1. Rounded to the nearest 500, what is the chain's calculated 222 nm mean residue ellipticity when only DSSP H runs of at least 4 contribute -39500 (n - 2.57) each, over all residues?
2. At 0.36 nm per residue, minus the direct Cα-Cα distance, what do residue 361 and residue 74 gain on full extension? Give it in nm, one decimal, please.
3. Can you work out D for the chain in µm² s⁻¹ from Stokes-Einstein, where Rh is the Kirkwood radius over C-alpha pairs, the temperature is 20 °C and the viscosity is 1.002 mPa s?
4. What relative contact order, as a whole-number percentage, does the stretch 256-380 give when Cα pairs under 8 Å and 6 or more residues apart are counted?
5. Within the stretch 137-172, whose backbone N sits under 13 Å from a point 7 Å along Cα→Cβ of residue 290?
6. As an exercise, identify the trypsin sites (Lys or Arg not before Pro) in the stretch 343-449 lying in DSSP coil whose Cβ has no more than 12 other Cβ atoms within 10 Å.
7. Which trypsin sites (Lys or Arg not before Pro) in the stretch 37-66 pass both tests, a DSSP loop state and at most 14 other beta-carbon atoms within 10 Å?
8. For the stretch 1-140, what D do you get in µm² per second when you plug the Kirkwood radius from alpha-carbon pairs into Stokes-Einstein at 20 °C and 1.002 mPa s?
Amino acid sequence: MSFGNEYLEEIYRETEKRDRYQKEFLQAVHEVLSGIGVVLDSHPEYIKAGIIPRLIEPERVITFRVSWIDDGGKVRVNRGFRVQYNSAIGPYKGGLRFHPEVDLSVMKFLGFEQCFKNALTGLAIGGGKGGADFDPKGKSDGEIMRFCQSFMTELEKHIGQFTDIPAGDIGVGEREIGYLFGQFKRLRNEHSGALTGKGMSYGGSAIRTQATGYGVCYFTENMLRSRGLSLDGMSAVVSGSGNVALHCAEKAVALGAKVVAMSDSSGYIYVPGGIDIGLMKQIKEKEHARISEYARCAEGAAFISDRRGIWNVKCDIAFPCATQNELDREAANILSENGAVAIAEGANMPSTPGAIETFRKRNILFAPAKAANAGGVAASGFEMAQNSARLSWGAEEVDERLHGIMRQIYESCSAAAEEYNYPGDLAVGANIAGFSRIAEAMLAQGVAY
Ligand code: NDP
Ligand code: 2IT
């Protein structure tokens with residue numbers, strides 16, 4: 001650990017002591033602190049106001065029991081969470097994740113990252129995250145609905161359009177948001193924008209489903225342009241095959257790239273001639289099948305049952321879009337040796353610290369998650385704006401706004417990196433730009449005691 005700053009080192013040591021079992025959370029805190037020492041040098045008032053220790057500690061953590069009855073009549077119990085991290089710049093905002101690996105560390109790392117990401121969008125949204133250690137795999141539609149209803153019966157007490165606005169994440173898509181919203185409305189007798197990612201028939205926004213993946217590509221185009229490059233003609237590898245991965249792949253292909261590999265948690269498919277994204281969407285979104293199905297349907301496609309092996313596939317650009325810590329130092333070295341020139345993170349914290357170090361050392365362009373995947377939450381912000389105004393914008397208008405916001409995020413990360421003497425380091429730039437906005441808002445609002 002070295003932040004080149006004793007004050008930050010002391011704070012990190014304290015955090016480590018307090019939250020010693022929260023591996024992912026500590027990793028996220030370490031990554032942010034390692035880039036912001038330079039800001040403190042020119043802003044001693046942030047130290048005096050205790051901005052950093054206050055920012056590290058979530059404003060509120062709610063955990064709750066979610067009991068539900070499965071199709072066999074058996075009572076099941078899961079653990080639900082909502083981490084209301086920081087509301088300095090707006091109401092808490094962030095997704096809900098349903099995945100068996102969800103625990104407090106994962107919730108806190110995601111909530112912490114969300115604060116900076118949301119600040120980067122320039123919108124008035126604070127940071128939060130939630131979810132449950134519920135595994136949607138193999139559950140019937142009825143079980144999913146009953147689980148969502150039970151989950152919302154408790155969550156409803158803590159959210160609202162001016163307080164905290166959840167959305168989707170891993171395992172929570174449009175179907176789950178529908179069931180969650182239905183229960184929220186029933187309990188509150190209120191049809192408001194308290195959730196985003198809603199269906200278009202009841203208050204959703206055009207392009208919200210696509211926004212995270214599309215936004216990753218828009219950010220990437222801005223980043224590549226800085227080296228005179230573009231996605232056009234590049235070969236790409238996209239890990240995952242969920243919401244973010246599918247729309248990232250779709251837009252990459254629309255912009256002229258060839259996506260040669262995609263994955264799920266059971267393995268990856270390799271298609272040297274390029275994946276047919278329409279067919280992939282049919283298999284994943286309509287049939288809800290495993291990715292191996294693609295190899296059965298399409299010629300020239302191979303399925304390899306090794307999910308980490310995807311990074312061995314030669315490509316110009318890699319888009320990790322599945323989950324945290326899926327791309328480690330070894331994978332980063334292989335990507336680099338195979339000639340990759342850029343990495344753009346669609347998932348949250350997909351690259352390990354060792355991988356990020358490798359990208360830096362090897363001068364590989366790196367688009368960090370909190371900037372590159374902010375298009376999803378930005379479109380959620382658009383959905384909130386439309387709900388408040390009782391209006392609905394067309395797809396073209398939303399897409400144009402998304403373009404604008406991703407360009408602005410790229411420019412503010414790039415400018416912050418430049419200003420603080422880390423030219424071209426978008427990871428440091430994102431931390432500085434996000435942090436600076438939250439710090440100013442916290443400073444203005446004083447210390448509550
Ligand atoms: P989905 O549930 O739609 O898809 C997740 C994909 O990742 C699936 O292909 C899944 O495979 C794979 N995956 C999940 N867990 C693992 C694991 N432990 N190992 C290997 N593969 C895994 O989720 P999203 O696409 O919405 O989310 C993907 C990432 O993007 C997450 O990190 C999320 O936090 C982030 N993100 C999402 C946003 C959104 O708007 N949805 C916004 C910004 C970031 P399988 O089906 O086999 O489990
Ligand atoms: O990680 C994320 O930014 C999300 N899962 C989306 C959050 C949101 O509120 O749209």
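1. Values: 17 runs with 214 residues, N = 449.
Per the formula, -15000 deg cm²/dmol.
2. Values: separation 287, 0.36 × 287 = 103.32 nm, distance 5.36 nm.
Answer, rounded to one decimal: 98.0 nm.
3. Values: Rh = 22.0 Å.
Translational D for this selection: 97 µm²/s.
4. Numbers: 218 pairs, mean separation 24.3, N = 125.
In percent, rounded to a whole number, it is 19.
5. It comes to 138, nothing else.
6. Numbers: sites: 360, 361, 362, 370, 390, 401, 407, 437; in loops: 362, 390.
Of the trypsin sites (Lys or Arg not before Pro), the ones in loops of the stretch 343-449 whose Cβ has at most 12 other Cβ atoms within 10 Å are 390.
7. Details: sites: 48, 54, 60, 65; in loops: none.
Within the stretch 37-66, no trypsin sites (Lys or Arg not before Pro) qualify (loop, at most 14 other Cβ atoms within 10 Å).
8. Details: Rh = 16.4 Å.
Here the translational diffusion coefficient equals 130 µm²/s.
Taken together, the values in this text are just the output of simple stated rules run on the coordinates, not laboratory data. For clarity, every value in this text was computed on a predicted model and none was experimentally measured. Every residue, glycine among them, receives a Cβ derived from its backbone with ideal geometry; neighbour counts consider all protein chains shown.
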